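A quick write-up on the structure given underneath.
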Amino acid sequence: MKLDPDLRLKIYEISGIYASRFSIPEPKVLLTTREVLDMPRETTEGARTSAYKYLGLSYNKQSLIFINVRKVSDEKDLENTIVHELIHQRFPYLSHGKRFNKLVRQGLRGKKFPPYQKRK
Ligand SMILES: [Zn+2]
């Protein structure tokens, strides 16, 4: 998709809506690889120069996500990617797999999740 100010605003809106349903702080959203590189090195540690390869990334500890708008094909793909990254933020211990995908589907359907409680 082509990033313009309208799309940028829309992405911030969608992220805000899902963040509130998932009981997580509204994340800072980066939308270009340039924005990833412009962040302080420690903030985006682990994926900086490789960011262009991915549809999206979640920097869990920072309340920060990257949505690679250039790689996103349409609105459905966009919403999927945003929800995918926000599920990473809400369930930081969970890696990709069946359970993860189920949570993404539930999220897309509008499910709310209570705040994350760190397990003892
Ligand atoms: Zn992921």
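Any read-out appearing in this document is the output of simple, stated calculations on the displayed coordinates, not a laboratory observation. Keep in mind that what you see is a predicted model, and the values were worked out from it rather than measured. All Cβ positions, glycine included, derive from the backbone under ideal geometry; neighbour counts span all protein chains shown.
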- Once phi is turned into ³J(HN,Hα) by the Karplus curve 6.51 cos²θ - 1.76 cosθ + 1.60 with θ = phi - 60°, what whole-Hz value does each residue of segment 19-35 show in order, with x for glycine and proline? 4, 6, 5, 8, 6, 10, x, 4, x, 7, 10, 9, 10, 9, 5, 4, 5
- Message: Using a Gaussian network model on the chain with a 10 Å cutoff between Cα atoms, which of Lys71, Lys28, Lys102 fluctuates the most?
- Response: Lys102
- Would you grab the residues whose amide H sits under 5 Å from the one on Gly56? Only those 5+ places off in sequence or on another chain, please, with H modelled 1.01 Å from N. Asn68
- Item | Estimated dipole of the chain in Debye, rounded to 20 [Cβ of Lys and Arg +1, of Asp and Glu -1, Cα centre] | 760 debye
- Using every Cα-Cα pair within segment 59-115, state what percent have a distance larger than 13 Å. 61 percent
- Query: Using Cα pairs under 8 angstrom and six or more residues apart, how large is the relative contact order of the chain, in percent?
  - Reply: 31 percent
- Task: Kindly identify segment 1-101 as rounded, prolate or oblate by the Cα gyration tensor criterion: order the square roots of the eigenvalues as a ≥ b ≥ c, call it rounded if a/c is under 1.5, otherwise compare a/b with b/c, prolate if a/b is larger, else oblate.
- Result: rounded
- Message: Suppose we flag GluC sites (Glu not before Pro) only when DSSP calls them loop and at most 13 other Cβ atoms lie within 10 Å. Which is the longest uninterrupted stretch of the chain?
- Response: 46-120
- Note on the structure: For segment 46-56, in residue order, the Karplus 3J(HN,Hα) values (coefficients 6.51, -1.76, 1.60; θ = phi - 60°; whole Hz; Gly and Pro = x) are x, 8, 10, 6, 8, 4, 4, 6, 9, 5, x
- Selection of chymotrypsin sites (Phe, Trp or Tyr not before Pro), segment 50-96, meeting DSSP coil and at most 10 other Cβ within 10 Å: Tyr93
- Task: Excluding Phe22 itself, calculate the net charge of residues whose Cβ lies under 12 Å from the Cβ of Phe22, where each Lys or Arg counts +1 and each Asp or Glu counts -1.
- Result: +2
